[in-house]
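The values are calculated or read from the model by the stated rules, or taken from the named source; none is laboratory data. Bear in mind that the values here come from a model prediction, so they are computed numbers and not experimental data. Reconstructed Cβ throughout: ideal geometry from the backbone, glycine too, with neighbour counts over all protein chains shown.
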Ligand code: B4P
């Protein structure tokens with residue numbers, strides 16, 4: 001089973017993807033984590049991505065599409081994967097359907113975690129990494145830009161999945177366990 005998790009920044013995509021990985025053995029593919037690894041390694045892509053992410057904007061579609069195309073072809077994704085942070089634009093959504101049809105793979109569930117903006121600002125203001133550090137893009141000004149970019153570029157892909165009857169909405173305002181239980185019920 002392959003799953004797409006959609007939702008605004010801080011909706012809990014990463015949190016739920018990790019849970020699904022542990023519970024069902026599906027591979028979490030977090031584009032945000034992959035980009036942050038490039039930044040940490042100081043690669044050419046990392047240098048480009050750092051400046052973009054710190055402004056709360058999106059890394060160009062062709063870069064993200066080829067990153068995902070290569071990643072899902074790896075053997076650890078063969079038993080199923082969770083896309084956490086991809087697609088984020090209509091062009092990414094269309095490219096994803098194209099690449100999956102070439103490899104005869106399908107998406108079993110497209111799940112939207114719905115969380116309001118007040119709650120997002122609160123969560124991201126409190127988020128710290130495992131080492132206690134804060135992400136540069138979690139400061140309130142950048143979060144506001146990320147929300148605007150979400151409204152303009154990611155929200156328009158919801159009808160793409162809704163039209164095909166593929167989109168499942170989940171109330172993401174509840175506890176991590178309650179949100180997880182709703183996801184389990186959907187995919188179980
Ligand atoms: P991401 O890393 O994907 O960032 P995110 O949207 O902040 O995270 P998420 O929804 O996973 O929230 P989390 O579970 O951590 O992207 C960062 C940047 O990378 C983007 O802005 C962009 O620049 C770039 N990028 C990534 N993908 C791209 C793409 N496809 N195309 C172009 N650019 C791309 O949860 C947030 C917080 O809430 C945590 O502290 C968590 O503990 C807490 N939380 C979670 N669930 C909760 C709950 N139910 N109740 C209370 N708190 C909860």
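Of note:
- Enumeration of residues in segment 9-46 that are touching a strand residue (DSSP E or B) at 6+ places or on another chain (Cβ under 8 Å) and assigned to a loop (DSSP other than H, G, I, E, B): 11, 12, 26
- Tabulated pairs, segment 13-25, first farther than 16 Å from residue 181 by Cβ, second at pLDDT 95 or above and assigned to a helix (DSSP H, G or I), C-beta under 9 angstrom, 6+ apart or interchain: 13/32; 14/32; 14/33
- Residue count for segment 57-77 satisfying the condition of being without any contact (Cβ under 8 Å) to a residue 60 or more places away in the chain and out of contact with any strand residue (DSSP E or B) (no Cβ under 9 Å at 6 or more places or on another chain): 13.
- Complete set of residues in segment 144-183 that are touching a helix residue (DSSP H, G or I) at 6+ places or on another chain (Cβ under 7 Å) and modelled with pLDDT under 95: 160
- Within segment 26-56, the residues that satisfy the criterion of being farther than 21 Å from residue 138 by Cβ and either touching a residue at least 40 places away in the same chain (Cβ under 8 Å) or surrounded by 14 or more Cβ atoms within 10 Å (Cβ to Cβ) (or both) are 26, 27, 29, 45.
Residue-wise test of (1) loosely packed, with under 13 Cβ neighbours inside 10 Å; (2) within 11 Å of the ligand (Cβ to nearest atom).
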site	(1), (2)
114	no, no
117	no, no
126	yes, yes
137	no, yes
145	no, yes
154	no, yes
168	no, no
171	yes, yes
185	yes, no
